[in-house]
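Structure record follows, encoded as structure tokens.
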Amino acid sequence: MMTTRDPDKLALRIASLVTAINVVVACGFSVAGLISPSAILPTGSSPTAASQVFAMYAAARAVPLTLITLATLGRRLWMLPLGTLAGVVQLLDAGVGLLQHDIGKTIGPLTIAVLQFLALLNLTRGRKTSASDERI
């Protein structure tokens, strides 16, 4: 028998899973830029000292965001702001892909952003009175 809290816990688990995938993928690309800059540069571009510095700045932001987000998974109070931030980052990444005219770098982040926002919408549709920092 399903209690009224079960759909709420399921929504939190789904939002946590989508957010975890989101930040791990974003962090992976940042780390890939450090290890093999040519893997993330536009086709035909060569890595430079500037691209290496830029990759370090990207990783300096992505790694802490990923670690903090992973540490707070399952906590409703943290999920909404961190999930929203992760979704916005993916939307901006899709914009970068669009500017580069790279369909893969546009559709991938856009898909993750849409899934992120759908998971958060599903989470907020649940029990609106639950503002506690409960864990799944």
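The values are calculated or read from the model by the stated rules, or taken from the named source; none is laboratory data. Quantities reported herein were computed from a predicted structural model and do not represent experimental measurements. When we count neighbours, we look across all protein chains shown, and the Cβ atoms used for this are built from the backbone with ideal geometry, even at glycine. For accessibility, only protein heavy atoms count, side chains too; no ligands or nucleic acids. Shrake-Rupley method; radii C 1.70, N 1.55, O 1.52, S 1.80 Å.
Each label point was placed 7 Å from the Cα along the Cα-to-Cβ direction; for Ile14 and Ala60 their separation is 3.9 nm. Would you give the gap between the C-alpha center of region 15-41 and the C-alpha center of region 101-118, rounded to a whole Å? Here the answer is 13 Å between Cα centres.
Among 98-105, 69-76, 31-38, what's the highest-first ranking by average C-beta atoms within 10 angstrom per residue?
Values: 98-105: 12.8, 69-76: 17.6, 31-38: 14.9.
Ranking, from highest mean packing down: 69-76, 31-38, 98-105.
For helix 103-125, what angle does its Cα long axis make with the longest principal axis of the chain, in degrees from 0 to 90 and rounded to 10? So the helix axis and the longest Cα principal axis differ by about 20 degrees. Working note: Karplus 6.51/-1.76/1.60 with θ = phi - 60° gives region 12-24 the couplings 5, 5, 5, 4, 5, 5, 4, 5, 4, 4, 4, 6, 5 Hz, where Gly and Pro are set to x.
For the chain, the longest principal axis of the alpha carbon atoms and the long axis of helix 49-71 meet at an angle near 10°. Listed values for region 88-97 are Karplus-derived 3J(HN,Hα) couplings in whole Hz (6.51 cos²θ - 1.76 cosθ + 1.60, θ = phi - 60°), namely 5, 4, 5, 4, 5, 4, 4, x, 5, x, and x replaces Gly and Pro.
Given the DSSP H assignment, sum -39500 (n - 2.57) over each helix run of at least 4 residues in the chain and divide by its residue total; what's the result at 222 nm in deg cm²/dmol, nearest 500?
Computed mean residue ellipticity for the chain: -26500 deg cm²/dmol.
Pairs of Cα atoms nearer than 8 Å and 6+ residues apart set the relative contact order; for region 1-131 it is 32 percent.
Counting only protein heavy atoms and using a 1.4 Å probe, what share of the accessible area of the chain belongs to carbon plus sulfur, as a whole percent? List each step's numbers first, then the result.
Numbers: 6030 of 8250 Å².
Carbon with sulfur: 73 percent of the solvent-accessible area.
The length gained by stretching the chain between Ile103 and Val31 to full extension, at 0.36 nm per residue less their Cα-Cα distance, is 23.8 nm.
Between Ala49 and Asn122, the simple spin-label model (points 7 angstrom out along Cα→Cβ) gives 4.9 nm. Shape of region 22-131 from the C-alpha gyration tensor: oblate (a/c of 1.5 or more and a/b not above b/c, with a ≥ b ≥ c the square roots of its eigenvalues).
Counting only protein heavy atoms and a 1.4 Å probe, the chain has 61 square angstrom of accessible area per residue.
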